[in-house]
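Got a structure for you, questions after.
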Amino acid sequence: MSDLDAYIERDDGLPKIIRKECFTALSPSRLPGLDLALNPYTRCAHACTYCYAPYIMRVAPKEWGMSVQAKINIPRLLARELPRKRGVVGLGTVTDPYQPAEAELLLTRRCLEEMVKAGSSVTLLTKSNLVIRDIDLLAKMASAEVGITLNTSIDARAAVFEPGAPPPSKRLKAVRALVDAGIGTYVFLGPVIPTITDHDLDGLVNSLIETRVRSVMVDRLNLRPGMRERMRVAMTERSPSTFDEFDSMVDDDRFYNDVIIYLKRSLTDGGIVVVDAF
Ligand code: SF4
C-alpha cells in the first residue's frame with residue numbers, strides 16, 4: 001500500500017477521506033472575476049457551522065465536516081485541459097483547497113504546478129495557513145491572488161463555529177508571509193458573527209493592520225434554513241456563557257450594519273481598502 005493509500009485508508013477519528021475519480025477538472029465559473037472553477041476536494045474538514053457549501057452541494061448540513069472527497073486524478077486532468085481552457089482560475093470556489101488532507105495528498109499543490117507550467121492566472125480563498133507552503137509556486141505564476149478568511153483574531157472564539165480550521169493566529173501569520181512574499185493578498189473578513197467578530201473589534205482591526213494587507217472584503221452572516229439552530233447548538237456546547245448575547249443578535253440587521261460600518265471606518269483609517277463581498 002502506498003503512503004497515499006495508507007493516508008486515505010487511515011482510521012484515526014478525523015474526517016474520513018473518500019477517494020474520488022473526477023471526469024473534469026475545470027468547470028465554468030459564474031463568480032465575478034473568474035472564468036473557471038477548480039475544486040480538488042468536495043466537502044470540507046474545516047466543518048464550519050455556518051458553511052454555505054452544503055446548500056450548494058445538497059449535502060445534509062448535519063453531515064458537513066464528517067468526510068472529505070479527494071479528487072485524486074484532478075492534477076492529471078487539469079494538465080490536459082489547461083491548453084484549451086483559458087482564463088482566470090478560481091481555486092477552491094466551493095470548498096477549501098487547503099484543508100488538512102492537502103498536507104498529505106498534495107492535490108492543490110500539484111494543480112498549482114500544472115498552472116505554473118501553463119502560465120495560468122489563479123485566485124484562491126482559504127482558511128488555512130498551509131497555503132504558505134506553496135508560496136514558491138504562487139510567486140512563479142503570471143498572476144496569483146490569495147484570500148485568507150477570518151472573522152475574529154481570537155483563536156478560542158473562532159473555534160466555536162470553525163472547529164476543524166487552523167486558528168486565526170496562524171492565518172494572520174500566513175497573511176503576513178504572503179504579503180512579505182509579494183503575493184497579491186486580501187483578507188475575507190466574514191461572516192461577521194455576534195459575540196465572535198464584535199468581541200474585540202479593535203484587536204481584530206489592529207491585527208489586520210499589522211499584517212500589512214492592503215485589501216479586506218467584508219461580509220455579514222446570511223442565515224440559511226436550519227443554520228440558526230445548528231449555530232445555537234454549537235454555541236450552547238462550546239461557549240454557553242455567550243449564548244444569550246449571540247441568540248439576541250444573530251438575526252438583527254442593525255448588529256451587522258453597525259459592526260461593518262465600524263470595521264470599514266477603522267480599517268480605512270489604517271490604510272486598508274475595504275470592499276463589500278459580492
Ligand atoms: S472552510 Fe469554507 S468550505 Fe470549509 S467548511 Fe469552512 S466555510 Fe465551508
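Which one of these is more than 14 Å from the ligand (Cβ to nearest atom), touching a residue at least 24 places away in the same chain (Cβ under 8 Å) and surrounded by 18 or more Cβ atoms within 10 Å (Cβ to Cβ): P97, P83, P75?
Values: P97 fails: more than 14 Å from the ligand (Cβ to nearest atom); P83 fails: surrounded by 18 or more Cβ atoms within 10 Å (Cβ to Cβ).
Sole residue among the options that is more than 14 Å from the ligand (Cβ to nearest atom), touching a residue at least 24 places away in the same chain (Cβ under 8 Å) and surrounded by 18 or more Cβ atoms within 10 Å (Cβ to Cβ): P75.
For L112, all conditions in the list (1) buried (at least 19 other Cβ atoms within 10 Å of the Cβ); (2) free of Cβ contacts under 8 Å to residues at least 40 places away in the same chain; (3) within 16 Å of the ligand (Cβ to nearest atom) hold save one; what is the number of the exception?
Of (1) buried (at least 19 other Cβ atoms within 10 Å of the Cβ); (2) free of Cβ contacts under 8 Å to residues at least 40 places away in the same chain; (3) within 16 Å of the ligand (Cβ to nearest atom), only one is false for L112: (3).
For the stretch 166-182, indicate whether the set of residues that are at pLDDT 95 or above, surrounded by fewer than 16 Cβ atoms within 10 Å (Cβ to Cβ) and more than 25 Å from S266 (Cα to Cα) is non-empty.
yes
Among the residues of the stretch 268-278, which ones are out of contact with any helix residue (DSSP H, G or I) (no Cβ under 6 Å at 6 or more places or on another chain) and of a type outside the set (V, I, T)?
Of everything in the stretch 268-278, those that are out of contact with any helix residue (DSSP H, G or I) (no Cβ under 6 Å at 6 or more places or on another chain) and of a type outside the set (V, I, T) turn out to be D269, G271, D276, A277, F278.
Of the numbered conditions (1) within 16 Å of the ligand (Cβ to nearest atom); (2) among the basic types (K, R); (3) in contact (Cβ under 8 Å) with a residue 40 or more places away in the chain, R58 satisfies every one except a single condition; which is it?
(3)
For a quick check of your reading: which helices (runs of 4 or more DSSP H) sit entirely within the stretch 200-251 and have at least 1 residues that are under 20 Å from the mean Cα position of the chain (by Cα) and surrounded by 13 or more Cβ atoms within 10 Å (Cβ to Cβ)?
201-211, 227-238
While we're looking at this one, here's another question. All but one of (1) part of a loop (DSSP other than H, G, I, E, B); (2) in contact with a Leu (Cβ under 9 Å, 6 or more places away or on another chain); (3) in contact (Cβ under 8 Å) with a residue 60 or more places away in the chain; (4) not small (G, A, S) hold for F188; state the number of the condition that does not hold.
With respect to (1) part of a loop (DSSP other than H, G, I, E, B); (2) in contact with a Leu (Cβ under 9 Å, 6 or more places away or on another chain); (3) in contact (Cβ under 8 Å) with a residue 60 or more places away in the chain; (4) not small (G, A, S), F188 is out only on (1).
Let me confirm something: among A144, A118, A159, A139, which residue is within 16 Å of the ligand (Cβ to nearest atom) and of a type outside the set (V, I, T)?
Only one candidate passes the filter, namely A159.
How about the stretch 252-278: which of its residues are within 20 Å of R228 (Cα to Cα) and part of a loop (DSSP other than H, G, I, E, B)?
Matches in the stretch 252-278: D252 only.
Where the second residue is among the hydrophobic types (A, V, I, L, M, F, W, C) and exposed (fewer than 14 other Cβ atoms within 10 Å of the Cβ) and the first is over 15 Å from I8 (Cβ atoms) and in contact (Cβ under 8 Å) with a residue 12 or more places away in the chain and lies in the stretch 18-31, which pairs have Cβ atoms under 9 Å and are six or more apart or on separate chains?
L31/F278
Between residues in the stretch 120-131 that are closer than 8 Å to E145 by Cβ and residues that are basic (K, R) and within 15 Å of the ligand (Cβ to nearest atom), which pairs lie under 6 Å by C-beta distance while being six or more apart or on different chains?
Matching pairs, first to second residue: none at all.
The values are calculated or read from the model by the stated rules, or taken from the named source; none is laboratory data. Worth saying up front: this structure is predicted, and the values here are computed from it rather than measured. Positions of Cβ are generated from backbone atoms using ideal geometry, with glycine treated the same way; all protein chains shown enter the neighbour counts.
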